[in-house]
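This report refers to the structure that appears directly beneath it.
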Amino acid sequence: MKASETWVLKKTDVSKFFAGVAKEMRLVAPRYLFGGDVTFGVVESPGEIAWDYGHVIYPPKRFLLPHYEDMFRYECGPPRRIRLEAINEAPPQAILGIRSCDVSAIRFQEKFFGSPIVDPYYKARSDSTVLFSLVCNAPPKKECFCICCDAGPYLNAGFDVQLTDLGDRFLYEIGSEKGTKATEAGASMLVKAGSDDIAERRRIEVQADLLFETTAYLAKAIDFISADEVPDEIWEELGSTCFRCGACTNLCPVCTCYTVDDRAEADGSFTRCRSWDSCQYAGFTREASGHNPRPTFGSRVQRRFYHKTSYPYIMRDGRHGCVGCGRCISACLTKLGVPDVVKRIRRGMHKYLPAQDRAAEV
Amino acid sequence: MWGVTDQPSENLYMPMIAVVDEIFDETPDTKTFRLCFEDKEYAKSFSWEPGQFVEVTIFGAGEAPIGFASNPLEKSFFELTVVARGKVTQMMHELKRGDQVGIRGPFGNCWPLEAVKGMDLLVVSGGCGLAPLRPAILQILANRKDYGEFWMLYGARTPADRDFKYDLEEWAKRDDMHLLQTVDIGDDTWKDNVGVVTTLFDKIKIDARNTVALNCGPAIMIKFVTIGLLKMGFSEDRLVTSLERYMKCGVGKCGHCCVNHVYLCTEGPVFTYQQMRALPELKL
């Protein structure tokens with residue numbers, strides 16, 4: 001049993017199989033809450049896992065980059081003696097049922113946090129995490145556009161294990177050494193995939209590609225943004241409706257920016273803690289003097305899109321910083337999701353392009 | 001259980017403990033702190049270049065990036081010059097001799113002092129912008145014969161607001177450098193120029209084709225200095241500036257100091273005007 005091999009796991013064996021995995025690590029999986037909402041969480045038994053879920057608004061990135069991550073503790077006493085205690089907790093975990101877009105986002109983050117300087121906290125967590133991704137063969141939600149971002153609905157690489165729902169069984173593809181290792185315990189429950197299983201998988205892939213409603217024609221916007229051709233007027237118009245709530249960046253499975261605080265504890269010690277920050281907040285770049293290099297809403301929206309969709313970042317990160325999960329579309333009250341902004345830039349540019357370019361531009 | 005972490009650690013977010021050895025008052029709101037590492041082995045391995053910075057933890061307040069301000073040839077200690085502005089720097093001003101701080105670093109790139117050997121130098125700084133240039137100046141003076149003519153312009157708000165007055169006094173006496181000073185608002189004791197730093201440009205005699213300018217100061221000063229120097233015939237890759245932004249991690253991860261795709265903390269803070277022009281966000 002090794003990487004790049006394809007197997008089949010019967011659905012009647014799924015709970016038993018993952019109970020075996022759970023002996024080595026905790027299971028993080030989608031499960032139904034009261035009222036029917038689905039969210040990722042640590043599950044006690046594999047029976048709780050919502051294998052039939054559609055999409056979650058709240059990405060599982062927080063199991064690798066927690067909202068609040070304690071970095072170290074210190075105590076300011078006895079007088080003038082500082083005592084430091086490092087913290088780096090990374091429980092072994094398997095994230096089950098994670099969607100392709102979120103897997104792509106985690107791979108993006110691993111690259112960002114892993115080079116050129118290694119972030120020890122993220123690395124410890126990603127090293128001890130195995131991703132069991134689940135192909136989207138249910139209709140995508142109307143906001144999904146992973147297909148424009150090379151991040152889904154199924155993966156050709158990047159997963160540790162990829163599961164495809166084939167009705168009464170899962171196709172079980174192993175994509176990495178980590179995946180191989182996590183499979184060992186339940187290996188006896190897997191049978192080699194037959195040609196009909198592979199054919200069914202192909203059919204689902206083709207089918208899935210046809211179901212997308214939202215498309216984001218990113219290329220043109222990437223051109224405009226990279227060349228700094230989008231006039232400030234367009235950015236300010238986009239920014240004029242921003243509430244500065246930060247939902248777009250907090251729900252983005254790719255976004256990684258964080259701030260750092262020293263939290264005072266009840267016992268008089270302090271904990272240095274990093275927590276999610278957002279480039280959409282005015283305080284993100286505000287300096288102690290009060291000077292803010294990004295003083296307007298427009299300049300902050302521009303920042304977000306420069307980071308997500310510009311050639312210098314694509315070169316640096318190896319892909320653009322959007323995986324097409326559509327969460328920013330769902331979350332934004334004022335249509336500042338990626339496809340909307342891309343569309344509004346493309347259309348807004350008509351005013352500023354010479355007439356002959358405009359004709360070619362529809 | 002509390003463990004005492006005094007060894008250099010693999011974790012780049014863990015600070016090393018340093019002790020305040022001496023404190024100098026520079027101006028009413030600026031102090032210079034002389035710091036020594038507690039771990040003597042670590043102190044020996046700690047080396048830095050002019051232009052780099054460290055992340056200073058003031059225990060109980062937080063962390064802030066501060067540039068080195070001392071002589072880089074001095075290995076037993078380093079100095080940081082700090083204006084009391086935000087939460088961390090205000091609390092730093094309350095430190096006493098013997099107090100402990102946390103240090104991470106050094107981070108960032110440095111002034112191109114190797115690359116400009118043999119050329120004439122023009123250093124332009126304003127206010128506390130002299131602090132990150134001071135190590136460069138001291139290194140240049142220590143290797144004076146490696147460089148050509150050395151002009152230095154320094155502007156401050158008032159005579160009392162000048163940093164490193166002891167250095168300025170000494171530099172003014174030297175005959176191997178030209179120091180010109182100016183203040184925005186003079187007083188009875190002030191005999192030198194009054195006006196912004198660019199008003200000194202008429203008084204310098206340089207060959208722009210063979211001179212490199214190192215600038216640091218408030219954004220508005222940098223802007224007018226750059227305009228003035230370009231007019232004097234400087235090419236864009238000979239104007240070198242140290243930029244600064246709100247910053248948290250110092251290692252290119254937290255995202256705060258990004259200007260377009262460039263992380264100031266790892267790829268900066270020192271840039272040529274040519275490099276800065278490639279960053280549309282700076283609107284140059």
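The values are calculated or read from the model by the stated rules, or taken from the named source; none is laboratory data. None of the values given here were measured: they were computed from a predicted structure. For neighbour counting, all protein chains shown are included, and Cβ atoms are generated from backbone atoms with ideal geometry for every residue, glycine included.
Which of the residues belonging to region B:93-116 are without any contact (Cβ under 8 Å) to a residue 40 or more places away in the chain and assigned by TED's automatic domain parsing to the domain that holds B:PHE46? Even if it seems obvious, please write down each step before you answer.
Within region B:93-116, the first condition is being without any contact (Cβ under 8 Å) to a residue 40 or more places away in the chain, and the residues that meet it are B:94, B:114-115.
Across region B:93-116, the qualifying residue is only B:GLU94.
Hey, which of the strands (runs of 3 or more DSSP E) in region A:150-224, taking only ones fully inside, have at least 2 residues that are within 22 Å of the chain's Cα centre (by Cα) and either in contact (Cβ under 8 Å) with a residue 24 or more places away in the chain or surrounded by fewer than 21 Cβ atoms within 10 Å (Cβ to Cβ) (or both)?
Working: elements: A:161-165, A:169-174, A:190-192.
In region A:150-224, A:161-165, A:169-174 are the strands (runs of 3 or more DSSP E) which contain 2 or more residues that are within 22 Å of the chain's Cα centre (by Cα) and either in contact (Cβ under 8 Å) with a residue 24 or more places away in the chain or surrounded by fewer than 21 Cβ atoms within 10 Å (Cβ to Cβ) (or both).
Among the residues of region A:258-278, how many are at pLDDT below 95, in a loop (DSSP other than H, G, I, E, B) and in contact with a strand residue (DSSP E or B) (Cβ under 8 Å, 6 or more places away or on another chain)?
Number of matching residues: 3.
Out of A:PHE72, A:PHE108, report the one residue that is buried (at least 19 other Cβ atoms within 10 Å of the Cβ) and either touching a helix residue (DSSP H, G or I) at 6+ places or on another chain (Cβ under 8 Å) or hydroxyl-bearing (Ser, Thr, Tyr) (or both).
Exactly one residue qualifies, and that residue is A:PHE108.
Do you know which residues across region A:273-289 are within 9 Å of another protein chain (Cβ to nearest Cβ) and either touching an Asp or Glu at 6+ places or on another chain (Cβ under 7 Å) or surrounded by fewer than 14 Cβ atoms within 10 Å (Cβ to Cβ) (or both)? Break it down stepwise before answering.
Residues of region A:273-289 within 9 Å of another protein chain (Cβ to nearest Cβ): A:274, A:277, A:279, A:283-289.
Those that are within 9 Å of another protein chain (Cβ to nearest Cβ) and either touching an Asp or Glu at 6+ places or on another chain (Cβ under 7 Å) or surrounded by fewer than 14 Cβ atoms within 10 Å (Cβ to Cβ) (or both): A:ARG274, A:GLY283, A:PHE284, A:SER289.
Scan region A:61-69 and give yes if some residue there is farther than 30 Å from A:GLY36 by Cβ and within 26 Å of the chain's Cα centre (by Cα), otherwise no. Step through it out loud before you land on a result.
Step one: list which residues in region A:61-69 are farther than 30 Å from A:GLY36 by Cβ, which gives A:69.
Right, trim to within 26 Å of the chain's Cα centre (by Cα) and you get A:69.
Scanning region A:61-69, I find at least one residue that is farther than 30 Å from A:GLY36 by Cβ and within 26 Å of the chain's Cα centre (by Cα), so the answer is yes.
Consider region A:76-102. How many of its residues are facing chain B (nearest Cβ under 7 Å) and either at pLDDT 95 or above or touching a Leu at 6+ places or on another chain (Cβ under 6 Å) (or both)?
So the answer is 0.
Just one of (1) outside the structural domain of B:THR27 (by TED's automatic domain parsing); (2) free of Cβ contacts under 8 Å to residues at least 40 places away in the same chain; (3) within 18 Å of B:ASP29 (Cα to Cα) trips up B:GLN90, so point out which.
The failed condition is (1).
Does region B:261-277 contain any residue that is assigned to a loop (DSSP other than H, G, I, E, B), touching a Pro at 6+ places or on another chain (Cβ under 9 Å) and surrounded by 22 or more Cβ atoms within 10 Å (Cβ to Cβ)? Walk me through how you get there before you give the answer.
The initial filter retains those residues of region B:261-277 that are assigned to a loop (DSSP other than H, G, I, E, B), namely B:261, B:268-269.
So of that shortlist, the ones also touching a Pro at 6+ places or on another chain (Cβ under 9 Å) come out as B:261, B:269.
Filter once more, keeping what is surrounded by 22 or more Cβ atoms within 10 Å (Cβ to Cβ): B:269.
Checked region B:261-277: at least one residue is assigned to a loop (DSSP other than H, G, I, E, B), touching a Pro at 6+ places or on another chain (Cβ under 9 Å) and surrounded by 22 or more Cβ atoms within 10 Å (Cβ to Cβ).
Can you find, within region A:290-321, the residue that is farthest from the other protein chains (Cβ to nearest Cβ) among those that are closer than 24 Å to A:CYS149 by Cβ and basic (Lys, Arg)?
Going through region A:290-321, the residues closer than 24 Å to A:CYS149 by Cβ turn out to be A:300-321.
Pick out the ones that are also basic (Lys, Arg) and you get A:300, A:303-304, A:308, A:316, A:319.
Working: A:ARG300: 11, A:ARG303: 8, A:ARG304: 11, A:LYS308: 12, A:ARG316: 6, A:ARG319: 14 Å.
Applying the filter and picking the extreme gives A:ARG319.
Of the residues B:ASP202, B:ASP176, only one is at pLDDT 90 or above, of a type in the set (D, E, K, R), part of a helix (DSSP H, G or I) and over 30 Å from A:VAL230 (Cα atoms); which?
On the way: B:ASP176 fails: part of a helix (DSSP H, G or I).
It is B:ASP202.
Could you pull out the residue among B:ARG157, B:ARG162 that is crowded, with 17+ Cβ neighbours inside 10 Å and in contact with a helix residue (DSSP H, G or I) (Cβ under 9 Å, 6 or more places away or on another chain)? It would help to see each step written out before you state the result.
On the way: B:ARG157 fails: crowded, with 17+ Cβ neighbours inside 10 Å.
Exactly one of B:ARG157, B:ARG162 is crowded, with 17+ Cβ neighbours inside 10 Å and in contact with a helix residue (DSSP H, G or I) (Cβ under 9 Å, 6 or more places away or on another chain), namely B:ARG162.
Select from region B:264-284 the residues that are charged (D, E, K, R), over 22 Å from the mean Cα position of the chain (by Cα) and within 21 Å of B:PHE234 (Cα to Cα) and list them in ascending order.
If the condition is that a residue be charged (D, E, K, R), over 22 Å from the mean Cα position of the chain (by Cα) and within 21 Å of B:PHE234 (Cα to Cα), then B:LYS283 is the only one that fits.
Filter region A:240-261 down to residues that are among the polar types (S, T, N, Q) and more than 13 Å from every other protein chain (Cβ to nearest Cβ), then give me how many there are. Working first, answer last.
The first filter runs over region A:240-261 and keeps only residues among the polar types (S, T, N, Q), leaving A:240-241, A:249-250, A:256, A:259.
Now narrow it down to the ones that are more than 13 Å from every other protein chain (Cβ to nearest Cβ): A:240-241, A:250.
Here the count works out to 3.
Can you confirm whether A:PHE108 is under 25 Å from A:GLY326 (Cβ atoms), of a type outside the set (Lys, Arg), within 14 Å of chain B (Cβ to nearest Cβ) and in contact with a Gly (Cβ under 8 Å, 6 or more places away or on another chain)?
Yes.
Going by the conditions given, is A:PHE145 in contact (Cβ under 8 Å) with a residue 24 or more places away in the chain, closer than 11 Å to A:VAL8 by Cα and not basic (Lys, Arg)?
On the way: in contact (Cβ under 8 Å) with a residue 24 or more places away in the chain: yes; closer than 11 Å to A:VAL8 by Cα: no; not basic (Lys, Arg): yes.
The answer is no for A:PHE145.
Out of curiosity, is A:LEU64 at pLDDT 95 or above and surrounded by 14 or more Cβ atoms within 10 Å (Cβ to Cβ)?
Working: at pLDDT 95 or above: yes; surrounded by 14 or more Cβ atoms within 10 Å (Cβ to Cβ): yes.
Yes, satisfied.
Give the residue, chosen from B:LYS248, B:LYS205, B:LYS253, that is charged (D, E, K, R) and assigned by TED's automatic domain parsing to the domain that holds B:ASP184. Don't jump to the end; show me each part of the working.
Details: B:LYS248 fails: assigned by TED's automatic domain parsing to the domain that holds B:ASP184; B:LYS253 fails: assigned by TED's automatic domain parsing to the domain that holds B:ASP184.
Every option except B:LYS205 fails the conditions.
Condition (residue is within 14 Å of another protein chain (Cβ to nearest Cβ) and either surrounded by 14 or more Cβ atoms within 10 Å (Cβ to Cβ) or in contact (Cβ under 8 Å) with a residue 60 or more places away in the chain (or both)) applied to region A:8-28: is it met by at least one residue? Explain how you work it out, then say what you get.
The first filter runs over region A:8-28 and keeps only residues within 14 Å of another protein chain (Cβ to nearest Cβ), leaving none.
No, the conditions are met nowhere in region A:8-28.
Among the residues of region A:42-60, write down those that are part of a loop (DSSP other than H, G, I, E, B) and within 14 Å of A:ARG99 (Cα to Cα). Full working, then the answer.
Taking region A:42-60 and keeping what is part of a loop (DSSP other than H, G, I, E, B), we get A:44-45, A:50-59.
Those that are part of a loop (DSSP other than H, G, I, E, B) and within 14 Å of A:ARG99 (Cα to Cα): A:ALA50, A:TRP51, A:ASP52, A:TYR53, A:GLY54, A:HIS55, A:VAL56, A:ILE57, A:TYR58, A:PRO59.
Against the condition out of contact with any Leu (no Cβ under 7 Å at 6 or more places or on another chain) and in the same structural domain as A:ALA331 (by TED's automatic domain parsing), how does A:ALA185 come out, does it pass? Quick ask: steps written out before the conclusion?
Values: out of contact with any Leu (no Cβ under 7 Å at 6 or more places or on another chain): yes; in the same structural domain as A:ALA331 (by TED's automatic domain parsing): no.
No, not satisfied.
Please enumerate the residues belonging to region B:179-199 that are at negative phi and either of a type in the set (Asp, Glu) or assigned to a loop (DSSP other than H, G, I, E, B) (or both).
Here is the first cut: in region B:179-199, the ones at negative phi are B:179-194, B:196-199.
Once the filter is applied, which keeps residues that are at negative phi and either of a type in the set (Asp, Glu) or assigned to a loop (DSSP other than H, G, I, E, B) (or both), region B:179-199 yields B:ASP184, B:ILE185, B:GLY186, B:ASP187, B:ASP188, B:THR189, B:TRP190, B:LYS191, B:ASP192, B:VAL196.
It is to be established whether one or more residues within region A:32-48 are within 14 Å of the chain's Cα centre (by Cα), assigned by TED's automatic domain parsing to the domain that holds A:ALA151 and among the aliphatic types (A, V, I, L, M).
no
Which one of A:ARG300, A:ARG347 is buried (at least 19 other Cβ atoms within 10 Å of the Cβ), more than 18 Å from the chain's Cα centre (by Cα), part of a helix (DSSP H, G or I) and not aliphatic (A, V, I, L, M)?
On the way: A:ARG347 fails: buried (at least 19 other Cβ atoms within 10 Å of the Cβ).
Of the residues listed, the single one that is buried (at least 19 other Cβ atoms within 10 Å of the Cβ), more than 18 Å from the chain's Cα centre (by Cα), part of a helix (DSSP H, G or I) and not aliphatic (A, V, I, L, M) is A:ARG300.
Would you mind telling me which numbered condition in (1) among the basic types (Lys, Arg); (2) buried (at least 18 other Cβ atoms within 10 Å of the Cβ); (3) within 14 Å of chain A (Cβ to nearest Cβ) B:ARG238 fails?
Unmet for B:ARG238, out of (1) among the basic types (Lys, Arg); (2) buried (at least 18 other Cβ atoms within 10 Å of the Cβ); (3) within 14 Å of chain A (Cβ to nearest Cβ): (3).
So which residues in region B:134-163 are within 19 Å of B:LYS191 (Cβ to Cβ), touching a Gly at 6+ places or on another chain (Cβ under 9 Å) and assigned to a helix (DSSP H, G or I), if there are any at all?
Residues satisfying the conditions are B:PRO159, B:ASP161.
So A:TYR121 passes all but one of these: (1) within 10 Å of another protein chain (Cβ to nearest Cβ); (2) closer than 30 Å to A:ALA221 by Cβ. Which condition number does it fail?
(2)
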